[in-house]
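Novice: Next up is a structure, given as structure tokens.
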Amino acid sequence: MVGGPSISPFQFDCANGYHIIPYNEDKTKVPVSLKELYSNSPELAEYFANNKDLLDSQSEKSKTMHCGNEFYALSKIGPYTFAPYIVAARDNSKFCASVIYKTLTPWGEMKQSICVKHTIIISQDVNGNFISEDEAHYINGILNSKIVVAYIHSTFKTNGFSLNKSNLFIPKYDPNNPLCTGIADLSKIATKEPQKRETIIDLLSDIYIELCAKLNH
């Protein structure tokens, strides 16, 4: 699990948080039925059954947001949950963002990290298409630029950032535009090389301003 406090510019930390997503990628409105779990994953079904009272102790408000009626149903589940590339940003305290990748688990499997409370996520464009890795880094670069961080902090109180209400200009990624690819490339470098992040954050501001100026000309 990736929570807001676990996100810093260009990196994230899953710490020791894990949870179960009992949904199929192509059917996110309802969870896998308990009957099917008993057939295909009996130990998981037994785990849910043994912890039914605990799972049922959620507030009624939380239950109204569940995707499905099973007692182990979750809220805020959709196709975006299983997106191959996700950009996650903090929604309070200090605004910053990171591209979320699959993480190697202690038992040796690569699993997609799931963003939970206090994160803002972008995994699809306005038409519902999943973003590519390059597009994820492009968005990540813009969000981490010094000018955007300053804008977010001057627009919202630190107890609640919102990209939906920010009117932030994020043009659609264009692989043929060197300004777009330049932002994506810098984000990739900053992700891999922490010692270069401070310099890159300044460069990202310059390129982003130039991009905005050219597209709004």
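Novice: Tell me the relative contact order for region 1-139 as a rounded percent, counting alpha carbon contacts under 8 Å between residues six or more apart.
Specialist: 28
Novice: For GLN58, enumerate residues with amide H under 5 Å from its amide H, sequence gap 5+ or separate chain, H modeled in the peptide plane.
Specialist: none
Novice: A follow-up question, please. Taking R0 as 45 Å, what's the FRET efficiency between LYS63 and LYS146 from their Cβ-Cβ distance, rounded to 0.05?
Specialist: The calculated FRET efficiency here is 0.60.
Novice: If you don't mind, there's one more thing I want to ask. Using alpha carbon centroids, what distance separates region 179-217 and region 93-146, in Å?
Specialist: 17
Novice: Rounded to the nearest 500, what is the 222 nm mean residue ellipticity of the chain from helices alone, with -39500 (n - 2.57) per DSSP H run of 4+ residues and division by all residues?
Specialist: Dividing the helical sum by the residues of the chain leaves -11000 deg cm²/dmol.
Novice: Hey, can you grab everything whose amide H is under 5 Å from the amide H of ARG90? Only 5+ residues off in sequence or another chain; H modelled, so Pro and N-termini drop out.
Specialist: For ARG90, whose amide H was placed from the backbone, the distant partners under 5 Å are CYS96, ILE120.
Novice: Straight distance only, please: which lysines reach the Cα of LYS29 with their own Cα at less than 28 Å, same-chain residues fewer than 8 apart left out?
Specialist: LYS52, LYS61, LYS63, LYS76, LYS102, LYS111, LYS117, LYS165
Novice: Then there is this: Residues of region 110-145 with amide nitrogen under 16 Å from the 7 Å Cα-to-Cβ point of LYS214?
Specialist: 138-139, 142
Novice: Another question, then. Along region 84-97, what does the Karplus equation 6.51 cos²θ - 1.76 cosθ + 1.60 (θ = phi - 60°) give for ³J(HN,Hα), rounded to whole Hz, x for Gly and Pro?
Specialist: Those phi angles translate into x, 9, 10, 9, 10, 10, 6, 9, 7, 6, 9, 6, 6, 8 Hz.
Novice: So which aspartates and glutamates pass the test for LYS35, namely a Cα distance under 18 Å, with those fewer than 8 places away in the same chain ruled out?
Specialist: GLU43, GLU46, GLU70
Novice: Rounded, prolate or oblate: which fits region 76-127 when a ≥ b ≥ c are the square roots of the eigenvalues of the alpha-carbon gyration tensor, with rounded for a/c under 1.5 and prolate only if a/b beats b/c?
Specialist: oblate
Novice: Students often forget the sequence filter, so: which lysines lie under 17 Å Cα-Cα from LYS172 once same-chain residues fewer than 8 apart are removed?
Specialist: Straight-distance partners of LYS172: LYS214.
Novice: Using only the Cα atoms, what convex hull volume per residue in Å³ does region 1-78 have?
Specialist: 129
Novice: Scan [x] 22.5, 94; [y] 18.9, 59; [z] 19.3, 62 for the value of Rg and Dmax of the Cα atoms in Å calculated from this model and give just the label.
Specialist: Looking at Rg and Dmax of the Cα atoms in Å for this model, the match is [z].
Novice: Exposed loop sites here are GluC sites (Glu not before Pro) in DSSP loop states with at most 16 other C-beta atoms within 10 Å. What is the longest stretch of the chain lacking them?
Specialist: Result for the longest clean stretch: 110-217.
Novice: Please identify the longest segment of the chain free of exposed trypsin sites (Lys or Arg not before Pro), where exposed means a DSSP state other than H, G, I, E or B and no more than 15 other Cβ atoms within 10 Å.
Specialist: No qualifying site falls inside 30-75, the longest such stretch.
No lab work stands behind these numbers, since they all come straight from the coordinates. Quick caveat: nothing in here was measured; it's all calculated off a predicted structure. Every residue, glycine among them, receives a Cβ derived from its backbone with ideal geometry; neighbour counts consider all protein chains shown.
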